[in-house]
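Novice: Quick one: the structure is below, questions incoming.
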Amino acid sequence: MYYAAAGGGAGSFTPILMIALLFGVMYFMMIRPQQKRRRESEAMQSNLGPGDEVVTIGGLYGTVTGIEDDSVLLEVAPGVQTRYARPAIARVITRAELPSEPVTEDADSAKE
């Protein structure tokens, strides 16, 4: 009986260790990836600009024509514009190309 009582005291640490391990696995498998997706989504929504082709969470395709603080104006058909909240934009299909700067040659490269 003495041996059974001594072994029972050491075994009480195992459930606490299992619970801590379970929380660690939950953090790395569920919480951390969700935080990463949220940060990427917020970055995408803050970088929206006129001319970007986007898809809303409802599956509507459109082109960004205007941006306000918390809403985006989309052209879904020629002459048809609708207003959506920024979080309603699911993804950007194509980014609008920025006008490129005119290429100027240096005096040294012009001589060659």
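Novice: For the condition among the hydroxyl-bearing types (Ser, Thr, Tyr), at pLDDT below 90 and under 14 Å from the mean Cα position of the chain (by Cα), what is the one hit in Ser109, Ser46, Ser100?
Specialist: Answer to the selection: Ser46.
Novice: Would you say Tyr61 is surrounded by 10 or more Cβ atoms within 10 Å (Cβ to Cβ), in contact (Cβ under 8 Å) with a residue 24 or more places away in the chain and over 18 Å from the mean Cα position of the chain (by Cα)?
Specialist: For Tyr61, the condition - surrounded by 10 or more Cβ atoms within 10 Å (Cβ to Cβ), in contact (Cβ under 8 Å) with a residue 24 or more places away in the chain and over 18 Å from the mean Cα position of the chain (by Cα) - is met.
Novice: A follow-up question, please. Quick test of your reading of the structure: Gln45 fulfils all but one of (1) in a strand (DSSP E or B); (2) surrounded by 14 or more Cβ atoms within 10 Å (Cβ to Cβ). Name the failing condition by number.
Specialist: Looking at each condition in turn, Gln45 falls short on (1).
Novice: For residues that are open to solvent by 100 Å² or more (accessible area, probe 1.4 Å) and modelled with pLDDT under 90, tally how many sit in the stretch 1-27.
Specialist: Qualifying residue count for the region: 4.
The values are calculated or read from the model by the stated rules, or taken from the named source; none is laboratory data. Predicted model, so just to flag it, every value in this text is computed and none were measured. Neighbour counts run over all protein chains shown; Cβ positions are idealised from the backbone, glycine included. Each accessible area value is taken on the protein alone, full model and side chains, heavy atoms only, with ligands, DNA and RNA left out. Shrake-Rupley method; radii C 1.70, N 1.55, O 1.52, S 1.80 Å.
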